Amino acid sequence: MTQLSVNLPGLSLKNPVMPASGCFGFGREYSEFYDLNQLGAVIMKAATGEVRYGNKTPRVAETSSGMLNAIGLQNPGVDKIISREVPFLAEYNMPIIANVAGSTIEEYVMIASAFNNTEHVKALELNISCPNVKEGGIQFGTDPDMAAEVTEKVKTASDLPVYVKLSPNVSDIVGMAKAVEAAGADGLSMINTITGMQINLSAKKPLLANQTGGLSGGAIKPVAIRMIYEVKQHVSIPIIGMGGVSTAEDVLEFLLAGANAVAVGTANFQNPYVCPELIENLPNVLRQYGFDSVTDAVGKGHV
Ligand SMILES: Cc1cc2nc3c(=O)[nH]c(=O)nc-3n(C[C@H](O)[C@H](O)[C@H](O)COP(=O)(O)O)c2cc1C
């Protein structure tokens, strides 16, 4: 039998597939389509200190092979996430990963501490890379020193393993990965969206109210694969890979590049059943390419 299970810091996964942050809300809508118990884990929508209503609309646009979004971290705030959303997800037999986003180091630390002792939340994903929030924020995701500082402070405040989610909007992704590993990160999540823009021909101006947005989906898969491949050669902490995963073959490609597990984002909007479908297909694809387990395939694409 093909072994799908994966053990990562804080996370005992029955399979390596989880919905990516922001593309699954808190699971309520998708729970009407299928049994969430099938998922390896779930990564919740970003938590900020206070409620956020996000950016003005239009804030999403379809592109030729993916989408642009500038949602702007809309969420009910960390307290409501803990009191209302975590208990819903905790009904299911899967680890919950909390995605943490802040404008200041103090905000990251406050949110991370709030998740201490929240049963079923088994790890934090530190979103240092949201491209769509302008006000007051420091560019944690593009400055290795700032990325290291926020990682270190959160590690000190939190009892949970910390996966730092890297931004692809940098020229030296390896430098960012090494900086957060040295600061104590337990794992990496990569990649977030790539800054993009679309022009509305009739209006002759940017289509999104925010002007720019984050590009995700199939269009960014080769960038994600390249970055994971490069980073894998320089760090020893595990990687949750994401960026355009939509088939079981994509999952294998991410594993071969060096990811230990994958998150599925935009594909959920195209096909709400995508996660259970690729969990079902993964054993066949692994077998077809000569692997008995998920862990066997990790990093095997390296020359
Ligand atoms: C509509 C939308 C909302 C997102 N919200 C978040 C978020 O709250 N926190 C975060 O870390 N990433 C967020 N992301 C990024 C995704 O988690 C993921 O990293 C990215 O979309 C690449 O994966 P994909 O190509 O499979 O979508 C969002 C992406 C989309 C499309």
Q | Options I97, I71: the member that is open to solvent by less than 10 Å² (accessible area, probe 1.4 Å) and either under 19 Å from the mean Cα position of the chain (by Cα) or within 10 Å of the ligand (Cβ to nearest atom) (or both) | A | I97
Q) Hey, among G184, G175, G214, G141, which residue is touching a strand residue (DSSP E or B) at 6+ places or on another chain (Cβ under 7 Å) and in contact (Cβ under 8 Å) with a residue 12 or more places away in the chain? A) G214
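Quick one: would you say E91 is closer than 19 Å to L8 by Cα, charged (D, E, K, R) and not in a helix (DSSP H, G or I)?
In short, no.
Any residue in the range 213-234 that is open to solvent by 20 Å² or more (accessible area, probe 1.4 Å), more than 19 Å from the chain's Cα centre (by Cα) and closer than 18 Å to A257 by Cβ?
Yes, the range 213-234 has at least one match.
Which residues, taken from the range 92-121, are touching a residue at least 24 places away in the same chain (Cβ under 8 Å) and among the acidic types (D, E)? Working first, answer last.
Looking only at the range 92-121, we keep the residues that are touching a residue at least 24 places away in the same chain (Cβ under 8 Å), and these are 92-105, 107-121.
Passing the criteria: E107, E119.
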**Q.** Enumeration of residues in the range 46-60 that are among the small types (G, A, S) and more than 11 Å from the ligand (Cβ to nearest atom)
**A.** G49
Q. Inside the range 55-88, can you point out the residues that are more than 14 Å from G25 (Cα to Cα) and part of a loop (DSSP other than H, G, I, E, B)?
A. N55, K56, T57, P58, R59, S64, S65, A70
Q. Hey, among the residues in the range 16-37 that are away from the ligand (no atom under 16 Å from the Cβ) and not in a loop (DSSP other than H, G, I, E, B), which one's least open to solvent (accessible area, probe 1.4 Å)?
A. L36
Q. Taking the condition more than 14 Å from the chain's Cα centre (by Cα) and not acidic (D, E), does S171 pass?
A. yes
Q. Name the pairs whose Cβ atoms lie under 8 Å apart, with the first residue in the range 66-91 and of a type in the set (K, R), the second within 13 Å of the ligand (Cβ to nearest atom) and outside any strand (DSSP E or B), and 6 or more positions between them or separate chains?
A. R84/P76
Q. If K122 passes every condition in (1) at positive phi; (2) crowded, with 19+ Cβ neighbours inside 10 Å but one, which one does it miss?
A. (1)
Q.
If I ask for residues that are touching a helix residue (DSSP H, G or I) at 6+ places or on another chain (Cβ under 7 Å) and not polar (S, T, N, Q), which ones from the range 37-50 would you list?
A. L39, V42, M44, A47, G49
Q) Of A177, A182, A157, A148, which residue is closer than 14 Å to V231 by Cα and open to solvent by 10 Å² or more (accessible area, probe 1.4 Å)? A) A182
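The values are calculated or read from the model by the stated rules, or taken from the named source; none is laboratory data. Just so it is clear, the model here is predicted, and its values are computed rather than measured. We place every Cβ from the backbone using ideal geometry, glycine too, and count neighbours over all the protein chains shown. In case anyone asks, the SASA skips ligands and DNA or RNA and just uses the protein heavy atoms, side chains included. Shrake-Rupley method; radii C 1.70, N 1.55, O 1.52, S 1.80 Å.
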